[in-house]
1. May I ask for the equivalent-ellipsoid semi-axes of segment 252-293, computed as the square root of five times each C-alpha gyration tensor eigenvalue and listed largest first in whole Å?
2. Determine ³J(HN,Hα), in whole Hz, for all residues of segment 79-95 in sequence, where each value follows from phi through the Karplus function 6.51 cos²θ - 1.76 cosθ + 1.60 and θ = phi - 60°; x replaces Gly and Pro.
3. Could you run the Karplus curve 6.51 cos²θ - 1.76 cosθ + 1.60 with θ = phi - 60° over segment 326-341 and give me ³J(HN,Hα) per residue in whole Hz, x for Gly and Pro?
4. Mind grabbing the base-10 log of I(q)/I(0) for the chain at q = 0.11, 0.12, 0.16 Å⁻¹? Debye formula, identical points on the C-alpha positions, no solvent, two decimal places.
5. Of all DSSP beta bridges located in segment 117-340, what percent are antiparallel, nearest 5?
6. Only Cα pairs within less than 10 Å get springs; with that Gaussian network setup on the chain, which residue of G107, G59, G306 has the largest fluctuation?
7. With everything on Cα atoms, drop me the angle between helix 29-40 and the longest principal axis of the chain, reported from 0 to 90° to the nearest 10.
8. Counting other Cβ atoms within 10 Å, keep those with at most 13, restrict to DSSP loop, and tell me which trypsin sites (Lys or Arg not before Pro) in segment 115-206 are left.
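Quick note: the coordinates plus some simple rules give every number you see, no bench work behind them. Given the structure is predicted, the values throughout are model-derived calculations rather than measurements. Cβ atoms come from the backbone with ideal geometry, glycine included; neighbour counts cover every protein chain shown.
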Amino acid sequence: MTISLGEPMDALQTLLNDAPERIDRAMTIAELDALENDLVGRTSPIASARRMLGQIKDGAERGATGKRINDIATQIQAMIDARRSDVETAEESERLVNDAVDVTLPGRRPRRGTHHLIQSTIDEIVDIFVGLGYTVATGPEAETEFYNFTALNIPRTHPSRAESDTLYLDYGDEEDEILLRTHTSPMQARYMEQHDPPTYVVVPGRVFRADAIDATHSPVFSQLEGLAVDEGITLGDLKGTLASFAKQFFGSDTQVKFIPHYFPFTEPSAEMHAYTDGRWIELLGCGMVNPAVFEHVGYDPERYTGFAFGMGMERMAMVRHGIADLRTLLDADRRVLEQYR
Ligand code: DAH
């Protein structure tokens, strides 16, 4: 049996010899598809050799050459098919590895939020006073000069009215000036105007001062105001109430003392100090409601007496938890805040 076509057949033999190595190098189905096209596709040497078969005049020779071409094509195709199934298996297992979900891994716990220490301090202190029979009220942060100062018997010349201390929003006529309240005390006057005695109320809220931020100051902080007005209220009631609060909040063996002080809206006035961590520390301002305030709000100063107090919430939290720098509470550093859940 004679095989002719000379050069084209030599090229096919070379193609067959090189095929195993070339096919082995195809690492993906896409590479293999391209290679298949080169080796046995319509523009491949095999296809052109087939097209040249007609030039062979001798029938037996043409048959033998055609058979040889088919033989080569079949061998190459078989190698490609074998490689294809290997590559498919490899690609599949790689995909499985990449997509793998390990159902035995423990789940990721969602992070649970919590109240900020300042808020939980407010909640806890409000709860203590509610336990003593007080109701809770809140008031506006943008306040008039009248409620923030005048109704509280704070004279027009008082330094706290100055712009160096108070943040003004709107300069109107004398009593129409709008400012950011510098304390929660204006709610004493607002509440008494709207409620007849007996009055037992606490007012938590945000207050504002023209202070730069440092270890003990912030332009925004929180206070809690307290007011008790009834017939026959004495300084003894004030001391007993606030001592009871201190024991509930700081611990049952907490000692307190009252040091005379001055506030225009109370007379007499005092600071309450508590003994913690081996030292006396100022906790809050308080006093017997000045009859001048009763006059402003229409309470009968002959019939009623009362006491009031105001305390900083950040300060309460700092004293209780031994926090030296107020900024610790304002930085929103979760590593710190999470310690006070
Ligand atoms: N308002 C005062 C302040 O911000 C605190 C205060 C003192 C409130 C005495 C009172 C009080 O009710 O009786 O410094």
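1. Details: eigenvalues 123, 15, 7 Å².
Each semi-axis is √(5λ); the values are 25, 9, 6 Å.
2. Listing the rounded values in order: 5, 4, 5, 5, 4, 4, 5, 5, 5, 4, 4, 5, 4, 4, 6, 5, 4 Hz.
3. For segment 326-341, the Karplus curve yields 3, 5, 3, 7, 9, 6, 6, 7, 4, 4, 7, 5, 5, 6, 10, 4 Hz.
4. Summing over Cα pairs of the chain leads to -0.81, -0.90, -1.32.
5. Approximately 95 percent, going by the DSSP bridge assignments.
6. The residue with the greatest mean-square fluctuation here is G59.
7. Its long axis makes an angle of about 20 degrees.
8. Details: sites: R156, R161, R181, R190, R206; in loops: R156, R181.
For trypsin sites (Lys or Arg not before Pro) across segment 115-206 that sit outside H, G, I, E and B with at most 13 neighbouring Cβ atoms in 10 Å, the list reads R156.
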